[in-house]
Every structure is written in structure tokens, then in C-alpha cells.
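Encoded as C-alpha cells, the structure appears first; notes follow it.
Here, each number is a calculation from the coordinates, and none is a lab measurement. All figures in this text were calculated on a predicted structure; none of them were measured in a lab. In this analysis, Cβ positions are derived from the backbone assuming ideal geometry, glycine residues included, and neighbour counts consider all displayed protein chains.
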Amino acid sequence: MNEKKERNYRLALPFTYLWIGFVCAISFMEAWIKFRAPGVTLPIGLGIGSLVFSALNKMEWLFALLIALDISLISRYRSRKAFFLFSTALLLLVIQTIWLLPALDARIDLYRKGMEVPESPLHFMYIGAEVLKVASLILLGIHLIKLTEFRTITYKN
């Protein structure tokens, strides 16, 4: 066996793509489709959205933890580019978790109480963070694929 470091990202690779899939399915599809369903009023849609995005946020933290474990502890090969791309997605997740989601939930509460909710750029900021996060995750996934050594099995006749 040679001394070369193994480059297998058994957790980071699949969970990067799962994270992308979750964000794309919920943020870019479910978020606006639910308001087109018959009988879904704005307060109901906002309540559903709050629950769904809270659940998404928890799943994102699980994916982030598993990816972090792999690229920093499990895999013996260290890539600065992978660390940078992951850190970018993680920073955006932190901003969403500690600032954007609570601020958006506070606006939902005001709306439910019948108060006038002034216009705000928060939704656009959240969407922008999602786009940047998905872009960094896509680049991370591509980078991890390039680094991963896939073993091929050959059969002798």
C-alpha cells in the first residue's frame, strides 16, 4: 500500500448535496408554492412557512455538523478551498439563524396580531443569503468530487 493520503469524503460529499437539495426544495420552491394552494391565506401560509423554515434550519445545522466533522476530523486530507467554501456557507447559516430568521418570525407575529408591518428588505436579504449559500455549497460539492478518489472494481474473467 502506498503512503498517499486517502481522499474520501464519506460524510461531506453526500451531505453537501443533501443540504443543497433541502435548501433548493424549500427556499426556492415550497416557500412560494404554498401560497398558491386553495384555501391557504396569508396568515396560514406565514405560519406554515415559519414551521418549515425552522425545521429546515435544524436540518442545515445537522448537515453542517456532519460536513465539519468530515473535512476537519475524519478525512486525513485537508483542503483549504473546501474549508473556505464550507466556512462561507456556515457563516451565512449563522447569520440566518441568529438574525434573519428571528427578525422574519417577529414580523409574522406582528402580522398575526393585526398590526401594520412596514416594508422591509429582510426577505430579499434572506433569499440573497440562500443563493450565496447554495452557490458556495455547489462549489464545495464540485471541489470534493474532484478531490475524492473513487475506487473502481475490476473483475477478471
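Structure values in brief
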| read-out | value |
| --- | --- |
| Lysine-lysine proximity count for the chain, Cα under 24 Å, sequence distance 8 or more or distinct chains | 11 |
| Net charge of neighbours whose Cβ lies under 13 Å from the Cβ of Thr41, counting Lys and Arg as +1 and Asp and Glu as -1 | +3 |
| Calculated SAXS-style log₁₀ I(q)/I(0) at q = 0.16 Å⁻¹ - the range 12-147, Debye, Cα scatterers | -0.82 |
| Distance between the range 26-81 and the range 88-157 - C-alpha centres, whole angstrom | 7 Å |
| Residue-count net charge about Ser87 - beta-carbon cut-off 12 Å; Lys, Arg +1, Asp, Glu -1 | +3 |
| Nearest-20 debye value, the chain charge dipole, Cβ charges on Lys, Arg, Asp, Glu | 760 debye |
| Distance (nanometres) between label positions extended 7 Å along Cα→Cβ at Val117 and Leu91 | 2.9 nm |
| In Hz, Karplus ³J(HN,Hα) per residue of the range 56-70 (6.51, -1.76, 1.60; θ = phi - 60°; x = Gly, Pro) | 4, 4, 5, 5, 4, 5, 5, 4, 4, 4, 5, 5, 4, 4, 5 |
| Whole-Hz ³J(HN,Hα) from phi, Karplus 6.51 cos²θ - 1.76 cosθ + 1.60, for the range 118-134, glycine and proline x | x, 4, 8, x, 4, 4, 5, 5, 4, 4, x, 5, 5, 4, 5, 5, 5 |
